[in-house]
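What follows is calculated from the coordinates using simple rules that are stated; it is not laboratory data. Just so it is clear, the model here is predicted, and its values are computed rather than measured. Neighbour counts are summed over all protein chains in view; Cβ atoms, including those assigned to glycine, are modelled from backbone coordinates with ideal geometry.
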Amino acid sequence: MTSQPGPVLRMSYLAASIAGVAFFVLSVAWLGVWPARKLAEQARLTGPEHPLALTASEVRGRAVYAREGCAYCHSQQVRFTDADIARFGAPTMAWETRGDTPHMMGTRRIGPDLARVSGTRSQDWHLTHLYAPRSVVPASVMPAYRHLFQGAPDQPGQSARDLVAYLETLGRVRDLAWPGGEAPAEVVHPARARRTGEVPELQADGDAALGAMLYAGHCAACHGASGIGDGPGAVGLRPRPTNLALHSYSQERVAEVLWNGVAGTAMPAWRDRSIEELSALAAHLQRISVPGVPADPLRADQIRPTDEERDLGGRIYAANCAQCHGAEGAGDGSAAIDLPVAPTNFTRQTPMFDEALRALRNGIDGTPMAPWGSRLSGDELTAVAHYVREFYGGRR
Ligand code: HEC
Ligand code: HEC
Ligand code: HEC
């Protein structure tokens, strides 16, 4: 005799299927729909209403970024961890990647995160780096993207230009839109060059041997092994890396350059290094660069100007140079503040005479320093080249 399932058991199939469907619907709602709505709401509340859209060039650059596989090595998401914030800046908020479809967040970090890379490097640095990463960062494992160029780092093709334009958008909207409050977007990339900022005092007795090692590993790529500005990275950079052997610097100026970089140029800041390492670098730099006026009277290039030359130099300077370099040579003329590269402060550094004359004749490509060779006579050039060197009081 076969027993029929009772009414309760027959109902349980129904109950189980209803429970099953309900569980499914609930899971989708709870784990999928609700968080998505929450996120959209959060993005709407925290983000700017009209974020800056990408230009045509930036959109093309984004496609190059995707095509070349940059995302295999670079993430675009600063996590909410102390280490990430210290290195890259403010953590990524949901709204920042809202319009990023398909997103470029990436998962691997063989190279550094790029979410805050806008404004950290100059364009010539980016181009040189893409053309040959090891020419500016000797230990880099990043592949070279020469096919985006026409044979030289200063001859980028359209896709290289687009790519750099795209890189300049990463973090830009956050920089522009952040209403303030949270960890300021000021906590920036260590390499971002600044024109101002507290500069720590470096030790006067830095370890020059350590400095020489650090120099070979980090600086020689641009400034050349002996400091004369002929490193492999120098070719595509405007302005060119300084010929350190033809300049003298006060210790203060060296500290400032190492801590802040030189804004508007490819010279990065090195403030992620310890004070001990920076002091070591400073000690090495003071060996490469020449002692300034009036330390070594025997140097041929330290011939003193005559009184007439000094008068002439003063007049030329006041009429043509003071608005940028400042009446007292401190780089604080009335026009200085608006310039992309700050005019040289001659009280804290000085070029050798020949180098000053060369800068005057040719100008400095990539900076607002124009050539004066066609505007001033030979005598006037000589006089004013002497004149600017006299602001420097010698190595301090
Ligand atoms: C094989 C991995 C790899 C790939 C692929 C790669 N990179 Fe890199 N990238 C690195 C490494 C490692 C560094 C750090 C060393 C250096 O600065 O060269 C780096 C550094 C950088 C930096 C400097 C970031 C900083 O904060 O200093 C930028 C910008 C950059 N890469 C852009 C790109 C772009 C754009 C692409 C695609 C065209 C790309 N990278 C592809 C590994 C990679
Ligand atoms: C990516 C290339 C690059 C690297 C790497 C680099 N520099 Fe520079 N450096 C430059 C450029 C470009 C300038 C700016 C020239 C100018 O202001 O006209 C410069 C300027 C300087 C100056 C002179 C500033 C002045 O106003 O004359 C000093 C000093 C200096 N760098 C030291 C260093 C040291 C030390 C290192 C290594 C820790 C280093 N640089 C690494 C490119 C580089
Ligand atoms: C429009 C502003 C401006 C004017 C005007 C100007 N300069 Fe400059 N000068 C600069 C800038 C900017 C630099 C480059 C700083 C750098 O490369 O970091 C510079 C650099 C120099 C240098 C090279 C310094 C070095 O350390 O190598 C010399 C020398 C110099 N100027 C002299 C003069 C003289 C002399 C005049 C007047 C005839 C003059 N400048 C007029 C802005 C100006």
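Remarks
- Pair Asn362, Arg238: separation of 7 Å Cα→Cβ label points (nm): 1.4
- Taking 0.36 nm per residue of separation and subtracting the Cα-Cα distance, full extension of the segment from Val141 to Gln203 would add 19.0 nm.
- For the chain, the Cβ-based charge dipole about the Cα centre amounts to some 1600 debye (Lys, Arg positive; Asp, Glu negative; other atoms uncharged).
- log10 of Debye I(q)/I(0), alpha-carbon scatterers only, for segment 208-288 at 0.13, 0.16, 0.20 Å⁻¹: -0.34, -0.53, -0.87
- From its DSSP helices (H runs of at least four residues, each -39,500 (n - 2.57)), the chain gives a residue-normalised ellipticity at 222 nm of -11500 deg cm²/dmol.
- The Ala40 and Ile275 beta-carbon pair, evaluated with R₀ = 45 Å, returns a calculated FRET efficiency of approximately 0.45.
- With 0.36 nm allotted per residue and the present C-alpha distance subtracted, the Ile228-Gln323 stretch has 31.2 nm of extension available.
- Shown for Thr55, Thr101, Thr128, Thr92: other C-beta atoms within 10 Å of each C-beta, ranked fewest to most, produce the order Thr101, Thr55, Thr92, Thr128.
- Whether segment 130-245 is rounded, prolate or oblate, judged on the alpha carbon gyration tensor where a/c under 1.5 counts as rounded: oblate
- Using R0 = 56 Å, the C-beta based FRET efficiency linking Ala19 and Arg194 works out to 0.35.
- Among the helices of the chain, those built from whole DSSP H runs whose Cα atoms reach 24 Å or more along their own axis and whose mean Kyte-Doolittle hydropathy is at least -0.5 are 7-27.
- Size of segment 228-371 as Cα extents on the principal axes (Å, biggest first): 48, 39, 27
- Highest average first, the peptides 370-382, 234-246 ordered by how many other beta carbon atoms sit within 10 Å of their residues are 234-246, 370-382.
- Distance between the pseudo-spin-label points of Ile110 and Gln4 (7 Å out from Cα toward the beta carbon): 7.1 nm.
- Approximate spin-label separation Ala245-His50, in nm, with each point projected 7 Å along Cα-to-Cβ: 5.7
- For the chain, built as a Gaussian network whose Cα springs stay under 10 Å, the top-fluctuating residue of Ala191, Ala177, Ala15: Ala15
- Residues Arg87 and Ala152, FRET efficiency given R0 of 30 Å [Cβ-Cβ distance, rounded to 0.05]: 0.40
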